[in-house]
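The values are calculated or read from the model by the stated rules, or taken from the named source; none is laboratory data. Computed from a prediction, not measured in an experiment: that's the story for all the values here. Backbone-built Cβ (ideal geometry, glycine too); neighbour counts: all protein chains shown. In case anyone asks, the SASA skips ligands and DNA or RNA and just uses the protein heavy atoms, side chains included. Shrake-Rupley method; radii C 1.70, N 1.55, O 1.52, S 1.80 Å.
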Amino acid sequence: KVNCYLMQNYDWQMFVTHIWGTDRCQHELWHIFDDTHPRHDKEEAKLYRERIYDYRDTVDREVGNMLSAAGEDTAIFIASDHGFGPAYTYCAFNIWLMQEGFLKLKPDAFTRLKKLMFSLGLTREFAYTLLRNPLLKSLRPSRGVGSQKSKVGLINKFFLSFNDVDWSKTTAFSKGNYGQIFVNLKGREIAGSVSQGEEYEQVRNQVIEKLRQIKDPKTGGKLIGPIYKREETFSGEHLTD
């Protein structure tokens, strides 16, 4: 409604809007409408599948309203930043990098305590699970925890996070969504520890070789598919940024 109002009441040459709910539904709720997914639960699907379909119908209808408001003489582009499909297995690369010795933690007592808590299952995910309990609903974030810096800071204080990393001894780390691993490169990272050139290539090759050795705990086969170096995927003047 806001989009349509703005298009109809203001003079504009280019109008851009972002619909995020479709992304959230498919990232977090795929298992509900996919009968073949290992996490699929018939009772859960019975409660929520139609609501997901209703949301899709609503988005489709509202996009149609926006197209009408834009007018027939407007060039329309509808784009997605990626496609979707089911995810059956997830690998937390920073944990793996820590286990393989690429990512090092600070030696202080509090960090060692948090690492012990982590090994016992007292993790950030454990805290989020507790907050899902109806008895603790008053403590649950009313919106995405990532957008609430005070809560993120509190969580990072008591559970392992990048705040506990010894960057002077860390050679590789992961950030982003899925699969991105970065070398802690001098001159690019704030506390880079790996020199350009031979050392950089050595660290990359070591990480790749270790990744190829990861086994699927269920099948015993390889867990990781294709592995690409940055220059095999990207090009241009900002490649080394």
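A few remarks follow.
- Förster-model FRET efficiency, 35 Å R0, Gln180 and Arg24, C-beta, rounded to 0.05: 0.95
- Straightening the chain between Lys46 and Glu100 buys 15.2 nm, computed as 0.36 nm per residue apart minus the Cα-Cα spacing.
- Computed from the C-beta positions of Ile208 and Asp34 and an R0 of 30 Å, the FRET efficiency is 0.40 to the nearest 0.05.
- Between Leu223 and Ser80, the contour length at 0.36 nm per residue exceeds the alpha carbon distance by 48.7 nm.
- Added length on full extension, which subtracts the Cα-Cα distance from 0.36 nm per residue, Phe110 to Leu239: 42.6 nm
- Using a probe of 1.4 Å on the protein chains alone, the accessible area found for Tyr178 is around 150 Å².
- With contributions of -39500 (n - 2.57) from each DSSP H run of at least four residues, the per-residue ellipticity at 222 nm computed over the chain stands at -13500 deg cm²/dmol.
- Sites Gln196 and Thr17, calculated FRET efficiency, Cβ-Cβ separation with R0 51 Å, nearest 0.05: 0.75
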